[in-house]
1. What is the spin-label model distance, in nm, from D21 to L35 if the labels are put 7 Å beyond Cα along the C-beta direction?
2. Might you report the magnitude of the Cβ-based charge dipole of the chain about its Cα centre, with Lys and Arg at +1 and Asp and Glu at -1, to the nearest 20 debye?
3. In whole percent, what relative contact order does the chain give with Cα contacts below 8 Å and a gap of six or more residues?
4. For P(r) over Cα pairs in 5 Å bins from 0, in percent, one of (1) 2, 10, 15, 15, 16, 15, 10, 6, 4, 3, 2, 1, 0, 0; (2) 2, 8, 12, 17, 20, 16, 9, 6, 5, 3, 1, 0; (3) 2, 7, 10, 13, 15, 16, 14, 11, 7, 3, 2, 1, 1, 0, 0 was computed from the structure I shared and the rest are decoys. Which label?
5. Restricting to Cα atoms and excluding each atom paired with itself, what does the Kirkwood estimate give for region 7-46 in Å?
6. Report the calculated FRET efficiency for S64 and K11 (r = Cβ-Cβ distance, R0 = 30 Å), to the nearest 0.05.
7. What are the ³J(HN,Hα) values, in whole Hz, obtained from phi via the Karplus relation 6.51 cos²θ - 1.76 cosθ + 1.60 with θ = phi - 60°, for each residue of region 13-23 in sequence order, with x given for Gly and Pro?
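What follows is calculated from the coordinates using simple rules that are stated; it is not laboratory data. Note that this is a predicted model, so its numbers are computed, not measured. Virtual Cβ from ideal backbone geometry, glycine too; neighbours counted across all protein chains shown.
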Amino acid sequence: MHQLLYKLFEKRGIKDSTELDSEEKSQFDTWDKILSKEQLSIEDIKNFCQSQIEVITGKWQDLSVEQAKKSEMIPYFVVYRTLLAAIDSPQESRRALEIQLNQLTQ
């Protein structure tokens, strides 16, 4: 585990990752993967954005979270979704062009 995560665990009084719930464990695993690489790939960024979207969605489904807190998450959700769309847009454009060209050649 990365040294910064050890520091965070120490600050929060956490001995190891077994003390975390599944959502927190997933978040820390993602952070550890990111911190352990010299340079992030586009796939790493996509995975991070997707995991953040899943965390936000989980909190929206949690009835114990106040509505005001849920509303505060909307901008983050939009940013992560926009980043994913921007990353995937060349692939989507290519698929659309392939469909169009296939239709023109039939």
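1. Inter-label distance under the simple model: 2.2 nm.
2. Computed about the Cα centre, the dipole is about 200 debye.
3. Details: 34 pairs, mean separation 24.8, N = 106.
Relative contact order, the chain: 23 percent.
4. Label (1) holds the value from this structure.
5. Working: mean 1/r = 0.0885 Å⁻¹.
Answer for region 7-46: a Kirkwood hydrodynamic radius of 11.3 Å.
6. Values: r = 25 Å, r/R0 = 0.83.
My answer for the efficiency is 0.75.
7. x, 9, 6, 7, 5, 5, 7, 8, 6, 4, 5
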